[in-house]
Each structure stands twice: as structure tokens, then as C-alpha cells.
1. Identify all residues within the range 37-76 that are outside any helix (DSSP H, G or I), under 23 Å from Pro26 (Cα atoms), of a type in the set (A, V, I, L, M) and touching a residue at least 24 places away in the same chain (Cβ under 8 Å); write none if there are none.
2. Which one of these is modelled with pLDDT under 70 and surrounded by 13 or more Cβ atoms within 10 Å (Cβ to Cβ): Ser59, Ser5, Ser18?
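The values are calculated or read from the model by the stated rules, or taken from the named source; none is laboratory data. Since we're looking at a predicted model, the values are computed, not measured. Here the Cβ is made from the backbone with ideal geometry for all residues, glycine too, and neighbour counts use every protein chain on show.
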Amino acid sequence: MRLWSKRSIPSGPILLASAALFAHVPAETLLADVQIVMEPKPSDSPDDAKGPLAQLQASYGPYIAAQFDLAGETQHWKLHRRRLPSPPLTVLQRDGRS
């Protein structure tokens with residue numbers, strides 16, 4: 001699995017630490033085609049609570065929580081992978097599932 005793509009930013013993974021340039025772009029647009037997000041963990045510094053990382057997490061965090069699952073983490077990073085879409089209701093009904 002490649003974690004980085006040579007395609008344009010919206011089509012490949014996004015590093016939230018580098019996303020300050022995109023802070024005005026809605027999460028639905030910025031992360032539309034993204035499958036993997038690397039999120040830096042904040043340090044214990046009180047200044048980080050007001051810094052750009054906290055602002056980016058406030059802007060993009062709810063969308064990431066709704067659309068991505070935590071796939072792994074290290075001491076300094078969280079790796080999120082986009083959830084698979086649910087099968088359409090008609091497929092569930094046809095297969096006898098509810």
C-alpha cells in the first residue's frame with residue numbers, strides 16, 4: 001500500500017500538519033477522494049491548544065471521525081483509513097439480510 005500519491009493533493013493522502021494551506025476548504029471537498037489520513041498527535045505544550053493543529057482538528061476532525069476509522073497509531077501519529085461504504089439496502093434485502 002502506498003501512503004503517498006503523485007496525484008494532486010485532494011486525490012491522495014493528506015497530512016493534517018501540512019493542511020494549513022487548505023484551512024478554508026471544506027472537509028468534504030478536501031478529503032473527498034482521500035483513503036488515508038495521517039494526523040499528528042498534539043504535544044503536551046499548552047501553546048498547542050491554540051495553535052494551527054488544534055484549529056485544523058476542529059475544522060476537519062468531525063468529518064474524519066465520521067468517515068474514517070483509526071487504523072493505527074504511533075507515539076506521534078494517528079493513521080485513519082476511510083470506512084468502506086455500506087451496501088445499498090436493495091442488496092441487503094436481496095441477500096435476505098436486514
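1. Val37, Met38
2. On the way: Ser59 fails: modelled with pLDDT under 70; Ser18 fails: surrounded by 13 or more Cβ atoms within 10 Å (Cβ to Cβ).
Selected residue: Ser5, the only one of Ser59, Ser5, Ser18 that is modelled with pLDDT under 70 and surrounded by 13 or more Cβ atoms within 10 Å (Cβ to Cβ).
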